[in-house]
Structures are given as C-alpha cells and as structure tokens.
Amino acid sequence: MTRWPPADLPGLHVDLGERARGGRWLHYPAADFRCGRCGWTDHATGDAVAQFTATVPAHHLAHCPNQTKDI
C-alpha cells in the first residue's frame, strides 16, 4: 500500500484515523504539513492532531522565511 499524499506534496494532509465498532483505534489520526514556500515540515499523531491543524498557519508568521500575508 502506498502512502497518500506523497511525501513531497506541499500542504496540510490529515488522516482522521479509523475506529472499530468497539471504540478501539485501528489506526490513530495523523497530520503532516509541508510548507510550499520554504519546505519546512511538521507532523502530529493521536490527540495532538486537532491542535496541530489549528496552529499550522502560525508557521508562516513564526518560521517561514518566505512569509507573506496570504496563507
């Protein structure tokens, strides 16, 4: 099985995970981010995914050397 999206594709990519009927996780949520401007990457799994997806735009204010007002 190949991973989607490909690792070199920029943007925010979220896998919501999958739960069995009993509530057990078959695989945990995960999120990957790759900046299309500077190539910076970050990753989160499990409970950290919600906070991670909410704060990814802050990358452009704090980290990206190619920052602009549009995200």
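When Trp40 is evaluated against the numbered criteria (1) modelled with pLDDT of 75 or more; (2) open to solvent by less than 50 Å² (accessible area, probe 1.4 Å); (3) out of contact with any strand residue (DSSP E or B) (no Cβ under 7 Å at 6 or more places or on another chain), which criterion, by number, is the only one it fails?
(2)
Looking only at segment 12-33, count every residue that is part of a loop (DSSP other than H, G, I, E, B) and either among the aromatic types (Phe, Trp, Tyr) or open to solvent by 90 Å² or more (accessible area, probe 1.4 Å) (or both) and tell me the total.
Narrowing segment 12-33 to residues part of a loop (DSSP other than H, G, I, E, B): 16-17, 20-24, 28-29.
If we keep only those that are either among the aromatic types (Phe, Trp, Tyr) or open to solvent by 90 Å² or more (accessible area, probe 1.4 Å) (or both) too, we end up with 16, 21, 24, 28.
Number of matching residues: 4.
Against the condition open to solvent by 50 Å² or more (accessible area, probe 1.4 Å) and either assigned to a strand (DSSP E or B) or modelled with pLDDT of 75 or more (or both), how does Leu9 come out, does it pass?
Numbers: open to solvent by 50 Å² or more (accessible area, probe 1.4 Å): yes; either assigned to a strand (DSSP E or B) or modelled with pLDDT of 75 or more (or both): yes.
Yes.
Only one of these is over 10 Å from the mean Cα position of the chain (by Cα) and modelled with pLDDT under 90: Ala58, Ala48. Name it. Show your work before the answer.
Details: Ala48 fails: modelled with pLDDT under 90.
Of Ala58, Ala48, the one residue that is over 10 Å from the mean Cα position of the chain (by Cα) and modelled with pLDDT under 90 is Ala58.
The values are calculated or read from the model by the stated rules, or taken from the named source; none is laboratory data. Here the structure is a predicted model, which is why all the values come from computation and not from measurement. Cβ coordinates were reconstructed from backbone atoms using ideal geometry, including for glycine residues, and neighbour counts include every protein chain displayed. Remember, those area values only see protein heavy atoms, side chains included, never the ligands or the DNA or RNA. Shrake-Rupley method; radii C 1.70, N 1.55, O 1.52, S 1.80 Å.
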